[in-house]
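The numbers here are math on the coordinates, done by the rules we state, and not lab data. In this text the structure is predicted, and so the values were computed from the model without any measurement. Please note: Cβ atoms are built from the backbone with ideal geometry, for glycine as well, and neighbour counts cover all protein chains shown.
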Amino acid sequence: MENITNNLSYLIPEILIIVLGFTIIGVGIFTRVRNKFVLPFISVTGLIITALFIYYKFDFGNIQTLSTTNHNQMDDLLIYGGLLKLDSFSLLFKFIFIIIGIFITLMSIDYVDKYINHEGEYYGLIVLSIAGMMIMAAANELLTAYIGLELLSFSLYILVSLGNDPEKTNESSIKYILLGGFTSALVLYGISQIYTELVKNDILNPTFFTSIGTYASQYENFPPLFIFGLFLLITGLGFKIAAVPFHTWAPDIYEGAPLPIAAYLATASKVAGIALILRIFSEVFEGSHSSLIVIVAILAILTMSLGNITAIAQTKYRRLIAYSGISHMGYILVGLATDTVDSYSAIIFHSIGYIFSSLVIFSVLVCFYNKTNKDNISDLSGLYKTNSFLALGITIALLSTAGLPFFVGFISKFYLFLAAVAQGLLWLVIIALINSLISLYYYLMVIKEIYVGTPINEQGISTNNLEKFIVVSSLIGVIGLGLYPEIIMGAINSAAIAVRIN
Amino acid sequence: MDSWILPLILIVPVVTLLAILFIPKNNDPIIKNIAIFGSLISGLLSLYIFITYSQTRDLNQFDFSILWLSNLSIRLDFGIDGVSALMVLLVGIVYLTGTLISCKITERIKEFFVLYILLIIGVYGVFISQDLFFFFFFYELAVVPMYLLIAVWGSNSDFKTFSRTKEYGALKLMLVLVASSILIWIGILSTYFVANQNSFLFTDLANANIGSEFQIIIFPFFLIGFGVLAGLWPFHTWSPDGHVAAPTSVSMVHAGILMKLGAYGILRSIEFLPAGAKEWMWLLLILGTINVIYGALSAMAQKDLKYVIGYSSVSHMGYVLMGLATLNVIGTAGAVLQMFSHGIMTALFFALVGVIYERTHSRDIETLDGLIKPMGIAGTLFVIAGLTSLGLPGLSGFVAELFIFIGVFQTNPFMAILGVIGAAITAIYILRLIARIFFGTVSEKWANLPDINILELIPAVILTFFIVLMGILPIYFIEPINETVKLLINTYISNFTDLVG
């Protein structure tokens, strides 16, 4: 039996984060801080303390291999009557979100100093949105998940609207709020449908994942209302991770949002969506419904192919990264269609690899944008001559996302595809491989601009130590995990086992 | 101690690379010295490995193995056999000579060496890996730096009727190679799944008794996938374009070693897919023969000196493929010898073409004339390379091609005859080329060119030394590979025949 507790101490990380968020907003509003480092310093220190707290308090380093097929449920804690689940899965993701938060905060310092007036809100909302994502990863029930999702989304609506290009920012923030609000409504409506269906059938705790799973396992073919509810739910989650056909917001929003926030949308917000999707899929659709897998596979194909093909035609780097990010969600969906412990492990690993390479790409671009204020790929021309360090960093990250060794993208794709082939999805893998090739093409076009092109402005672009530190530390992730992935596999495996075998 | 020799052969370039990476820019002499020193150590290590192996012939002496990724039971497993020992020697030689030749580069020398050494790490890794995953890992790693090496340091080919930019060559090479590796991905993923050994080790896969039906389906993926890198017709067009656009030392590594990775990959896949190999080798034999003839004819039609050598590589790789396709001991041994011989020879060719281009700033066969007068030493060495290329006895090419022809004759006499015709065409274009650019009256433009300098001469002499050594004492090279090839052919191929029979 799983442990159920109402002990508040298990929520300390979330509480810490929320207190931290409000502290930052308060400090920002009530004191006129002139130094650009003060608020980020508070934020990063708080986040690091929380991360260390999670690491030590919850015995995070407890290593499991995939051969351990029987997940010990005693390890899981259900908090507040089971609304939140504290297992290695949610812990790993909380840890990931905090790390992304730290990176984004550090990346933003110069950008905020230069372009944004609302420092306190900016840093505070990033921290608050982390709390939302932590709830999403830990949610064991639909409404709690929804609350986490909303906490994340509301923070993001404001963050997106803080962009510095009035025309584009207005467009993108309105678009994001409208589309986001619309999707939230759909999700809520979907939840209500599922709730109704379960209540009609006298099932206890009708919004709990486990109850929905139990209900679903009774049917070969789902009742129409239930399908409708699920469909709306999938739409909402698809929107969050920008899967085709719910992807159209991504490039526009990336263009209008502050660049570090685009990075945040591309990494944290997507990974939170992935975490929730993994949780819902494993618990609700346990016992694999083949029709559902076909739907996911089709979504995967659409997402990969459309993302990659559209990316070729882009002339602005933000849009290019947006589309390439979309195509990466396609690879993740391949893993979801596979639906084994191995593939869950691979999805988490691939996401981590994706996070690190995106962080490198964005931190280089933020650096570049701060100095030049330029948006086009062709403006990157000759970056090698103006700053060879940034050029090297972004090249490595692009090659990693294209899936070349010795970077993390190679082994994570290999693992993901191997898991899919083991389930007989070779055809899907072939499509994914062709997509990798297409992506290599447009990455090479960017690399060509950077190395072969002549700089428009011969003036060098300087980088300070902080910027170097961010790029190098995320590069260590890209290269280190590519050279020795075993180092985090223990944590990933325990997370995958916790979520998949329950 | 010995188990650390193979990791060491990767560690030495890695250390060299890091050392170069952390030296500030504009310290060109120091960077060059470190690069040369590192490549010298690697070269000596390679020689040590080859000599030790050929004296003891102990397959397990250098074994090194650690678990790398437990989820997929991927092992970082290094080992050496006769074939890879010879290939490691080849890499060592070309690495050292290529480094010496690259010292001429003046632009962005630091980045050049970093990428160049990355390429070398990739090719070393392929030849010493005993695990299919790491084999592929290093195989792809070798492709990674190619784009920048060609696009940044390469040269355009610009003629009135024909022009290709270096960016074109680089992009084409990169995309074709990665496209072909999709086939290898598919092959590896499905082989691992079907073999069901929970291991990527070559030996485990070979002992898995993979069903022959599956082997027949999957072998073409490996054959074409690796074949593309080996310059297999009709997927060869990336190779001359890439060679020509690349800077000298990269052309040397590329034609000298990289194309061998493809052939080596085919050889390796025969080991665990013997039935598939038997079923499909007719195709490889035909395509290989077309390679020989088509490559030779194309070489004949070129105006750009570097394109001639590029197409001659395609033609010579055809012999390697023909030799592999025989699936008998003598033909396969010939293929391996040809891999070595062609690697050394083509490296010498490209080095000398680089020397000529540097002085004349032209690669146009029509305008180059009588170069033997001003450049006596370079010309002589070029003639030696040319004679190797057309298979003159006493030089390395003869032994290798003889073995291949005998092997092919045993399986398909008709193809063997076509192969010999290919050799005759090679003789025509090589002799014509030499006659045109080195002999005849020297035009005034070229009369006062300086001859080869010491930094170019040393590598050229090293390469020539090995050409001659293999030509007059082939036994030193045949003996170590013989056993391995026998093991491969007699154990795996014949065993499989027994099973089927």
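A few comments on the model shown:
- In a simple Cβ point-charge model (Lys, Arg +1; Asp, Glu -1; nothing else charged), the protein assembly as shown has a dipole of about 1960 debye relative to its Cα centre.
- The helix-based estimate of mean residue ellipticity at 222 nm for chain A, built from -39,500 (n - 2.57) per DSSP H run of four or more residues and divided by its residue count, is -25000 deg cm²/dmol to the nearest 500.
- Kirkwood-based shape ratio for the stretch B:411-479, expressed as Rg/Rh from alpha carbons: 1.13
- Positive-end extreme of charge dipole, the protein assembly as shown - chosen from A:231, B:50, A:219 (charges on Cβ): B:50
- Helix axis angle, A:270-284 relative to chain A longest principal axis, alpha carbon, degrees: 10
- Selection from B:118, B:184, B:457, by position along the positive dipole direction of chain B (Cβ): B:457
- Alpha carbon Rg of the protein assembly as shown, scaled by the compact-globule rule 2.2 N^0.38 Å: 1.00
- Whole-angstrom gap from the stretch A:478-492 to the stretch B:127-168, using each part's C-alpha centre: 28
- Rounded tilt (10° steps) of A:12-30 against the dominant C-alpha axis of chain A: 40
- Here the stretch A:288-502 is assigned +1 on the Cβ of each Lys and Arg and -1 on the Cβ of each Asp and Glu. Its dipole about the Cα centre then comes out at about 280 debye.
- Residue exposure proxy: B:244, A:187, A:452, A:38, ordered by other Cβ atoms within 10 angstrom of their Cβ from fewest to most, comes out as A:38, A:452, A:187, B:244.
- 21 Å Cα-Cα reach of residue B:486 towards lysines, excluding residues that sit fewer than 8 places from it in its own chain: B:260, B:278
- Taking a span of 27 Å or more along the helix axis (Cα atoms) and a mean Kyte-Doolittle hydropathy of at least -1.0 as the rule, the DSSP H helices of chain B that qualify are B:28-56, B:82-102, B:109-128, B:166-195, B:274-301, B:305-326, B:329-360, B:413-438.
- In chain A, the longest principal axis of the Cα atoms and the axis of helix A:290-312 are about 10 degrees apart.
- Mean per-residue shielding of peptide B:67-76 is 6, counting Cβ atoms of other chains within 10 Å of each Cβ.
- Its alpha carbons give chain A an Rg and a Dmax of 21.7, 72 Å.
- Here the translational diffusion coefficient of the stretch A:383-502 follows from Stokes-Einstein with Rh set to the Kirkwood radius across Cα pairs; for 37 °C and 0.692 mPa s it amounts to 199 µm²/s.
- Each listed q (0.10, 0.12 Å⁻¹) maps to a log10 I(q)/I(0) for the stretch B:2-500 from the Debye sum over equal C-alpha point scatterers, namely -0.70, -1.03.
- Residue exposure sequence - B:373, A:413, A:371 - by fewest surrounding Cβ within 10 Å: B:373, A:371, A:413
- Taking Cα centre as origin and charging only the Cβ of basic (Lys, Arg, +1) and acidic (Asp, Glu, -1) residues, the dipole magnitude of chain A rounds to 980 debye.
- Per residue of A:434-441, other chain Cβ atoms within 10 Å of the residue Cβ number 3 on average.
- Straight-line cross-link partners of residue B:104 among the aspartates and glutamates, defined as a Cα under 14 Å from its Cα and at least 8 positions apart when in the same chain: B:28, B:358, B:456.
- Positive-end residue, the stretch A:212-296 charge dipole about Cα centroid, Cβ charges, pick of A:294, A:280, A:259: A:259
- 10 Å Cβ neighbours from other chains, averaged over peptide B:178-186: 5
- When each of B:361, A:328, A:247, A:118 is scored by the number of other beta-carbon atoms lying within 10 Å, the sequence from fewest to most is B:361, A:118, A:247, A:328.
- Out-of-range pairs (alpha-carbon distance over 26 Å; input A:168/A:468; A:57/A:85; A:94/A:175; A:36/A:240): A:168/A:468; A:94/A:175; A:36/A:240
- Net charge over other residues, Cβ less than 15 angstrom from the Cβ of residue A:103 (K, R count +1; D, E count -1): 0
- When the listed pairs A:374/B:172; B:166/B:306; A:371/B:172; A:413/B:166; A:316/A:448 are checked against a 22 Å cut-off, the alpha-carbon distance exceeds it for A:374/B:172; A:371/B:172; A:413/B:166.
- Kirkwood radius, the stretch A:305-445, all distinct C-alpha pairs, inverse of mean reciprocal distance: 15.4 Å.
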